[in-house]
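What follows is calculated from the coordinates using simple rules that are stated; it is not laboratory data. Keep in mind that this is a model prediction, so the values were computed, not measured. Here Cβ is always computed from backbone atoms with ideal geometry, including for glycine, and neighbour counts include all displayed protein chains.
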Amino acid sequence: MKNLHVLLQRLADAGLEFVVVDGFAGVLHGSAYVTEDLDICAVMSPETVAKLRAALADLKPVHRMTPNKLSFLDHPPAGEPLANVYLETEAGIVDVLGIGDYQALACHAIEVPLFGRRCRVISLEDLITAKEAMGREKDLLTAKELRAIAAMRQRP
């Protein structure tokens with residue numbers, strides 16, 4: 001990850017409501033599996049998209065899953081609905097997922113200090129559930145490790 005701190009600070013400073021999920025959340029919970037990107041979950045409203053665009057504008061965000069690397073600043077047009085957005089920026093990769101029950105995820109999330117900001121991070125239990133649901137080998141290995149971390153935390 002090039003500049004994870006820059007991405008997190010920008011998103012927090014933009015007033016974006018989000019929860020850190022997936023690989024970096026695992027690291028924050030004690031996982032040894034390194035991640036190359038930042039994954040967050042947010043409600044993908046037109047307001048959220050506008051905040052994302054403003055926060056990342058000078059980092060030249062492009063849709064990394066499109067062959068032409070379309071600019072996120074122009075595509076899709078304002079007001080058009082988005083479920084998820086997978087971006088490459090000059091500070092690194094950030095994936096914004098608008099999936100699932102955001103309110104339940106946010107309600108269970110923990111708040112941690114990160115790079116001078118306070119950010120919400122998916123709970124350990126919810127992260128284990130998500131990793132197991134993904135079913136990929138790497139996610140199942142991470143879930144196993146996270147279960148061991150959870151068990152160690154419960155010991156007196």
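I'd like the antiparallel share, as a percent to the nearest 5, of DSSP beta bridges with both residues in the range 1-124. Antiparallel bridges: around 70 percent, rounded to the nearest 5.
Which whole number of Å³ per residue matches the convex hull of the alpha-carbon atoms in the chain?
Residue-normalised Cα hull volume stands at 116 Å³.
Normalised by residue count, the range 7-52 yields a Cα convex hull volume of 70 Å³ per residue.
When the helices of the chain are scored as -39500 (n - 2.57) per DSSP H run of n ≥ 4 and the total is divided over every residue, the value at 222 nm lands at -12500 deg cm²/dmol. Couplings 3J(HN,Hα) of the range 115-129, computed from phi: 6, x, 10, 9, 10, 8, 10, 3, 5, 4, 4, 5, 5, 4, 4 Hz, in residue order, whole Hz [Karplus 6.51 cos²θ - 1.76 cosθ + 1.60, θ = phi - 60°; x for Gly and Pro].
Taken over the alpha carbons of the range 70-131 as equal point scatterers, the Debye sum produces base-10 log I(q)/I(0) values at 0.26, 0.28 Å⁻¹ of -1.14, -1.17. For the range 12-89, the Kirkwood hydrodynamic radius comes to 13.5 Å, computed from all pairs of different C-alpha atoms. Peptide packing: for 106-115, 15-24, 93-102, the average count of neighbouring Cβ atoms within 10 Å per residue gives the ranking 15-24, 93-102, 106-115, highest mean first.
Projecting label points 7 angstrom from Cα along Cα→Cβ for ALA133 and THR66 puts them 2.8 nm apart.
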